[in-house]
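The structure under discussion appears below in the form of structure tokens.
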Amino acid sequence: MARGEVRALSGWRTSEVVGVRAETATARTLSLRVPDWPGSLAGQHVDVRLTAPDGYQAVRSYSLASPALAPADEVVVEIGVELLDDGEVSPFLVEEVRPGDVLEVTGPLGGWFTWDPDRDGGPVQLVGGGSGVVPLLSVVRTHAALGSPVPLRLLQSTRTPAAAMYRDELEQRAGQDSGFALTEVWTREAPPGDPRPPGRLDAALLAAATVPAAQRPTCYVCGPTPFVEVVADLLVAAGHPAARVRTERFGG
């Protein structure tokens, strides 16, 4: 099967939790051993289903942090989960799940918010808000795993350094890979010595920290719904064709 080709997967699979890693005080990465993996692209997600003793079920979608993976009888994938105060599923996944536990999953799912260098080329501009960085990390990891020459930039907006998921890995990759550039924006508290005061993304900052529209990058924007809508509008206003701005959002 050619790289980038993904078979459809239907139905639920039983996966074993084989690793749990804290990313922040309110976010975790879960490593899941999943059977019958049909192959996945960077940017896809899985659905996780929990069933209560009384039979009540709750299903939520979680982005894959893993790089693109080929079909296999069994793989270990990573999902990033941030705690939602009013969530039905995230409190259990962040606070209760332990290695050896079993979760039901289906996927991978999603086709629009994916990156395949053979299909999409580059350059690529990623813009993430908070935990919206999870599927963008999948793109960054895939880019590195393939040794892709495609120029790749990530603009990541986070409240505070303590809330930044995968910060150490992203900064390390940016320091080692000349083809990957990282810009971090802090909206409430910046780290000591940061030259930019805390503040939200605006048109000027977006223009300074992203691939120019004239280079026709494919843009991927992920985060809370208000963040995604603002960033997508700013990108289009800056001259990026709407068809080249792919979005994935969560929340109301």
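The values are calculated or read from the model by the stated rules, or taken from the named source; none is laboratory data. The shown structure was predicted, so the numbers you read here are calculated from the model rather than taken from an experiment. Neighbour counts run over all protein chains shown; Cβ positions are idealised from the backbone, glycine included.
Take region 202-248 and flag every residue that is under 19 Å from Gly111 (Cβ atoms) and either β-branched (Val, Ile, Thr) or in contact with a Leu (Cβ under 8 Å, 6 or more places away or on another chain) (or both).
Matches in region 202-248: Thr218, Cys219, Tyr220, Val221, Cys222, Val228, Val245, Thr247.
Only residues that are touching a Ser or Thr at 6+ places or on another chain (Cβ under 9 Å) and either surrounded by fewer than 18 Cβ atoms within 10 Å (Cβ to Cβ) or not assigned by TED's automatic domain parsing to the domain that holds Gly19 (or both): list them for region 86-105, please.
The answer is Pro99, Val102, Glu104.
Step by step: first the residues of region 149-193, then only those that are of a type in the set (Ser, Thr, Tyr) and buried (at least 20 other Cβ atoms within 10 Å of the Cβ), then the one that is nearest to Leu126 (Cα to Cα). Which residue is that?
That would be Ser157.
Can you tell which of Gly55, Gly11, Gly100 is more than 19 Å from Trp115 (Cα to Cα), free of Cβ contacts under 8 Å to residues at least 40 places away in the same chain and either in contact with a His (Cβ under 9 Å, 6 or more places away or on another chain) or assigned to a loop (DSSP other than H, G, I, E, B) (or both)?
Exactly one of Gly55, Gly11, Gly100 is more than 19 Å from Trp115 (Cα to Cα), free of Cβ contacts under 8 Å to residues at least 40 places away in the same chain and either in contact with a His (Cβ under 9 Å, 6 or more places away or on another chain) or assigned to a loop (DSSP other than H, G, I, E, B) (or both), namely Gly55.
Within region 225-243, track down each residue that is surrounded by 16 or more Cβ atoms within 10 Å (Cβ to Cβ) and either within 18 Å of the chain's Cα centre (by Cα) or of a type in the set (Phe, Trp, Tyr) (or both).
Across region 225-243, the qualifying residues are Phe227, Val228, Val231, Ala232.
Got at least one residue in region 18-28 being surrounded by 14 or more Cβ atoms within 10 Å (Cβ to Cβ), of a type in the set (Ser, Thr, Tyr) and within 27 Å of Leu154 (Cα to Cα)?
Yes, that holds for at least one residue.
Hey, Arg173 hits all of (1) among the basic types (Lys, Arg); (2) within 15 Å of the chain's Cα centre (by Cα); (3) part of a helix (DSSP H, G or I) but one; which does it fall short on?
(2)
I'm checking my understanding of the structure. Among residues of region 212-224 that are among the hydrophobic types (A, V, I, L, M, F, W, C) and crowded, with 21+ Cβ neighbours inside 10 Å, which one is nearest to Pro151 (Cα to Cα)?
Cys219
Mind telling me which of the residues Leu146, Leu155 ends up being outside the structural domain of Ala22 (by TED's automatic domain parsing) and in contact with a Gly (Cβ under 8 Å, 6 or more places away or on another chain)?
Leu155
For the list (1) closer than 25 Å to Asp120 by Cα; (2) of a type outside the set (A, V, I, L, M); (3) assigned to a helix (DSSP H, G or I), I need the number of the one condition that Gly239 fails.
Result: Gly239 fails condition (3) only.
Need pairs with beta-carbon distance below 7 Å; first residue more than 22 Å from Gln215 (Cα to Cα) and within region 139-153, second in a helix (DSSP H, G or I); sequence gap 6+ or separate chains.
Leu146/Pro117
If Val75 passes every condition in (1) in contact with a Leu (Cβ under 8 Å, 6 or more places away or on another chain); (2) surrounded by 20 or more Cβ atoms within 10 Å (Cβ to Cβ); (3) more than 21 Å from Asp168 (Cα to Cα); (4) of a type in the set (Val, Ile, Thr) but one, which one does it miss?
So the condition that Val75 fails would be (2).
Evaluate the following for Arg60: is it outside the structural domain of Ala144 (by TED's automatic domain parsing) and in a strand (DSSP E or B)?
Judged against the criteria, Arg60 is a match.
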